[in-house]
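Data block below; observations after.
The values are calculated or read from the model by the stated rules, or taken from the named source; none is laboratory data. Note that this is a predicted model, so its numbers are computed, not measured. Don't worry about glycine lacking a Cβ; one is built from the backbone with ideal geometry, like all the others, and counts go over all protein chains shown. Note: accessible area is taken over every heavy atom of the protein model, side chains too, but ligands, DNA and RNA are not part of it. Shrake-Rupley method; radii C 1.70, N 1.55, O 1.52, S 1.80 Å.
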Amino acid sequence: MSKFQQMTEAVRDANNTLRAADQVAYDMGRMVVGRLRHCSVYTCEQLKRELKDFNIHTGNWK
């Protein structure tokens with residue numbers, strides 16, 4: 001297998017991993033609704049920082 005093929009395969013594997021991680025995040029997001037009071041302060045701070053870029057009225061990210 002050539003170096004180019006190895007690189008292409010590695011990129012494909014990385015993209016598959018990212019898609020799987022996105023699906024897990026989607027599933028976890030649905031599970032955490034109504035349960036945030038059980039999260040650590042640090043986790044809540046991080047979520048709030050990330051959500052500042054989300055417009056609840058349009059349903060879009062900045």
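The table that follows gives values for the structure above.
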read-out	value
Rounded accessible area per residue of the chain, 1.4 Å, Å²	98 Å²
Per DSSP, loop trypsin sites (Lys or Arg not before Pro) in the stretch 1-43 with at most 14 further Cβ within 10 Å	Arg35
Carbon/sulfur fraction of accessible area - the chain, other protein chains in place, 1.4 Å, %	59 percent
Under Karplus coefficients 6.51, -1.76 and 1.60, residue-wise ³J(HN,Hα) of the stretch 12-19 in Hz, glycine/proline x	4, 4, 4, 5, 5, 5, 5, 4
Label-to-label distance, nm, for residues given as Trp61 and Leu47 (7 Å Cα→Cβ offset)	1.7 nm
Net dipole in debye of the chain [+1 Lys, Arg Cβ; -1 Asp, Glu Cβ; about Cα centre; nearest 20]	200 debye
Estimated FRET transfer efficiency when R0 is 35 angstrom, pair Gln5-Ala25 (beta carbons, to 0.05)	0.70
Rounded tilt (10° steps) of 41-51 against the dominant C-alpha axis of the chain	70 degrees
Anisotropy class of the chain from Cα gyration tensor, a/c 1.5 cut	prolate
Lysines with Cα under 20 Å of Lys62, excluding same-chain neighbours fewer than 8 positions away	Lys48, Lys52
